[in-house]
Structure formats: C-alpha cells, structure tokens
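What follows is calculated from the coordinates using simple rules that are stated; it is not laboratory data. Just so we're clear, the structure is a prediction, and the values are computed from it rather than from any experiment. Neighbour counts are summed over all protein chains in view; Cβ atoms, including those assigned to glycine, are modelled from backbone coordinates with ideal geometry.
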Amino acid sequence: ISLDDHTASAMKKVDVPFWRIEPVVLANSIRNNHGVSSQKFGLLKVFLNMGYNVLLSDVDVAVIQNPFNYLYRDSDIEAMSDGFDNNTAYGWND
C-alpha cells in the first residue's frame with residue numbers, strides 16, 4: 001500500500017505491485033501516522049475479503065524471508081508482541 005506519490009513511483013520503477021491510497025486527514029488537518037493507523041483494519045478487511053493472506057507489520061520490521069513459512073496457521077489471527085518475557089508479551093509490566 002502506497003500512501004504517497006514518491007512511494008508509488010518507487011514501486012512502479014522496480015515493477016512491484018502497489019495500491020495507492022490517500023491517508024486519512026485527521027480533524028486537525030494533519031496527515032500523520034495516526035491517520036494511517038486509523039485506516040489499517042479497514043484496509044485489512046478489503047484484502048481479506050478478496051481472499052488474500054495478509055501480514056500486517058510495523059514499519060521498523062525488515063522481512064528477509066517469506067514470513068508465511070513460519071506461521072502455524074492454526075488460528076484466524078496470529079500476532080507477535082514487543083514483550084521481552086511472558087509478562088510483558090501480554091501487556092503486563094508490574
């Protein structure tokens with residue numbers, strides 16, 4: 001998904017399929033990551049309804065191999081956490 005013309009142009013140049021969309025403009029007229037984040041589940045739904053498998057990732061993740069080869073695929077949703085142990089993986093940091 002390309003959110004700007006620069007990224008769309010770069011993808012086209014290297015022959016990578018992309019979908020160009022405009023990010024949501026928030027009430028304060030600022031286009032930022034919060035507007036993009038507000039769209040992600042709606043975009044996810046579009047791709048799932050078309051029958052695609054979807055990997056939703058943060059921008060600070062580098063994919064060097066096909067991640068689908070490492071998923072168990074025994075549930076509808078698989079997720080990872082930024083947690084570093086059993087407590088923080090589930091959101092607890094007491």
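Bridgeable aspartates and glutamates around Lys13 (alpha carbons under 14 Å apart, same-chain partners fewer than 8 residues away excluded): Asp5. A simple spin-label model places pseudo-atoms 7 Å from Cα toward Cβ; at Lys12 and Lys45 they are separated by 3.0 nm. Can you list the aspartates and glutamates whose alpha carbon is less than 13 Å from that of Lys12, not counting same-chain residues fewer than 8 positions off? Answer for Lys12, where 13 Å is the Cα cut-off: Asp4, listed by chain and number.
Applying 1/(1 + (r/R0)^6) with R0 = 35 Å to the Cβ-Cβ distance of Val61 and Val25, what FRET efficiency is obtained, to the nearest 0.05? Each step should come with its number before you reach the end.
Numbers: r = 26 Å, r/R0 = 0.75.
Computed FRET efficiency for Val61 and Val25 comes out at 0.85.
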